[in-house]
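Worksheet for the structure shown next.
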Amino acid sequence: MIRVRELVLTLLLVAAVPAFAQQNAGPPPDARDWSSLSSEQQRVLGKYKDNWNTLPPERQQNLARGSERWLKMSPDERSGAKQRFDRWKALPPDQQRQMRNRWERFRALPPQEQDNVRDNFRKFKNLPPERRKLLRERWNNASPAERQRMLDRLREQRQMRQEQRPFRNPQNQNQNPNRNRDRNR
């Protein structure tokens, strides 16, 4: 009985060897080979060189795109990005998770809604510091139901503003609006 079990176990191991070999056969098709990166990207991503082939393909793609963005930044932009990254690293994991979730929710919004969020953020940043503080306090002290009412009111106001704007056809923006009226006389 023991010999049969040993034989079966040996056969299973022999059959499994090709499967293990295939796992290490090479990078998946979506993976980026280290040598495909420019020398500048390799310099920026140097700390990943030794374990590059073990990174998931999606992570490799994200790092490659990030290095391209980094290389296109001015020194001031790089300094600001480094400061933001340092602040990010200093956050507790639960706050990092919350921020990732917010980012994912933002990315899931339709483009028009993303534009609205960006526009509201710019408006908020342009407010005097006292006004921003007051609005933050009001938001933080509001119940979830009150927050929803605030958001609903903002959406209604935005909708009313959009309805009051005259319709613009993007193709005719450079044309004189009186041109067609004059032609019909």
In order through segment 50-66: 3J(HN,Hα) via Karplus (6.51 cos²θ - 1.76 cosθ + 1.60), integer Hz, x for Gly, Pro: 5, 10, 4, 5, 8, 6, x, x, 4, 5, 4, 4, 5, 5, 5, 4, x
Inter-centroid distance (Cα atoms) of segment 38-56 relative to segment 91-136, Å: 32
Calc'd 3J(HN,Hα), segment 83-92, phi into Karplus 6.51 cos²θ - 1.76 cosθ + 1.60 (θ = phi - 60°), Hz, glycine/Pro = x, comes to 4, 5, 5, 4, 5, 4, 4, 6, 6, x
Suppose the chain between residue 34 and residue 104 were pulled fully straight at 0.36 nm per residue; how much longer would it get relative to their current alpha carbon spacing? 22.4 nm
Mind listing the phi-derived Karplus ³J(HN,Hα) values for segment 93-100, rounded to whole Hz, using 6.51, -1.76 and 1.60 with θ = phi - 60°, and x for any glycine or proline? x, 5, 6, 4, 4, 4, 5, 4
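Could you please report the charge total around residue 49, scoring K, R as +1 and D, E as -1 over all other residues with beta-carbon less than 15 angstrom from its beta-carbon? Working shown, then result.
Details: positive: 32, 43, 47, 59; negative: 33, 40, 50.
Charge balance in the 15 Å sphere: +1.
Coordinate-derived values only; no laboratory data. The structure displayed is predicted, hence computed values, not measured ones. Every residue, glycine among them, receives a Cβ derived from its backbone with ideal geometry; neighbour counts consider all protein chains shown.
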